[in-house]
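Report on the following structure.
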Amino acid sequence: MMPVYGGMECGGTKFVCATGGESGKLLARTEFPATTPAETIARALEFFQGQPQPLESIGIGSFGPVDLNPASPKFGYITSTPKDGWRDTDLLGAVRRAMGLPVAFDTDVNAAALGEARWGAAQGLDTFLYLTIGTGLGGGGMANGRLLHGLVHPEMGHIRVPHDLRADPFPGGCPFHGDCLEGLVSGPAIEARWGRRGETLPPEHPAWDLEARYIALGLATWICTLSPQRIILGGGVMRQAHLFPPIRAHVLALLNGYIQAPEILERIQEYIVPPALGGDAGVLGAIALAAMAQ
């Protein structure tokens, strides 16, 4: 019997839990809203404890900020999150104590990046970025075949990009920084700026070219600093597929021919892409994390 692993994708608005094996095929899957920590974690544990085959280990990909330092007393905690009630939640510890299994822990975007590297749009690459743009903006990925960590972990949503207040007087929606990139392009920022949820705005609405330009400013910065072999854009906002062509066009204009790579100059439609695993990239990546915990 092949080993079965559990995966938890812990997002700011919902949790996705699943089981699967090394093939990347899901055996069971559920999702539910993220309410209080106690209630949400209990629902995840109930799912895993009810599986017909014992699990070898569990992987967690969580929204953040999180503490990824194994030597820290708060390793596995969600730390300074703006999400009500979740600050200083011991997510890793709660799962480990209840399940009595090895548990791997990383950011939700790093988990999604790992899933795409194993089974999706980043197969065969060792240096790439995965960004999710939805309730917030998170960035992760790999450099030389290793998930991006560091002092804490990347917080790509909180970089500064040029903000012309005359053209866009919206002050930004980030509770920490106002008009950082996340504060300008996240789903809540779109709704706050235009008074309507993004999915209700037609493709020709001026919101989308503004959105594409801000996202492209971030991508151009990361292309010049990290030199990724590919950029994968996921999350709820990027389900608006009409965003991809203007983002690519703005990136080309911003780089202005400086990066002499055919992947960008000639095949940018293959360079800035949606996730091949769709909405399951995160939970599949969490399962891949679990397999690495053995």
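The values are calculated or read from the model by the stated rules, or taken from the named source; none is laboratory data. All values reported here derive from a predicted model rather than from experimental measurement. With ideal geometry, Cβ positions are generated from the backbone for all residues, glycine too; neighbour counts draw on all protein chains shown.
A few notes on this one:
- Residue-level analysis places E56 among those that are under 14 Å from A104 (Cα atoms), at pLDDT 95 or above and charged (D, E, K, R).
- Residue count for region 79-118 under the criterion of being charged (D, E, K, R) and either buried (at least 23 other Cβ atoms within 10 Å of the Cβ) or touching a Phe, Trp or Tyr at 6+ places or on another chain (Cβ under 8 Å) (or both): the result is 6.
- Filter result for A42 (outside the structural domain of P188 (by TED's automatic domain parsing), closer than 29 Å to M2 by Cβ and touching a Ser or Thr at 6+ places or on another chain (Cβ under 9 Å)): no
- Complete set of residues in region 91-108 that are farther than 10 Å from G59 by Cα, in a helix (DSSP H, G or I) and out of contact with any helix residue (DSSP H, G or I) (no Cβ under 8 Å at 6 or more places or on another chain): G93, R96, R97
- Out of P206, P246, sole residue that is loosely packed, with under 12 Cβ neighbours inside 10 Å and on the phi < 0 side of the Ramachandran plot: P206
- Subset of region 74-102 (residues that are in contact (Cβ under 8 Å) with a residue 60 or more places away in the chain and closer than 26 Å to N144 by Cβ): P102
- Candidates L148, L137, L201, filtered to the one that is in contact with a helix residue (DSSP H, G or I) (Cβ under 7 Å, 6 or more places away or on another chain) and surrounded by 23 or more Cβ atoms within 10 Å (Cβ to Cβ): L137
- If the condition is being of a type in the set (A, V, I, L, M, F, W, C) and surrounded by fewer than 19 Cβ atoms within 10 Å (Cβ to Cβ), then region 223-243 contributes C224, L226, A241.
For every residue, the table says whether it meets (1) over 20 Å from the mean Cα position of the chain (by Cα); (2) modelled with pLDDT of 95 or more.
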residue	(1), (2)
M8	no, yes
C17	no, yes
K25	yes, no
I41	no, yes
S62	no, yes
V95	yes, yes
L101	yes, yes
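- Residue match in region 114-121 (condition: outside any helix (DSSP H, G or I) and of a type outside the set (F, W, Y)): yes
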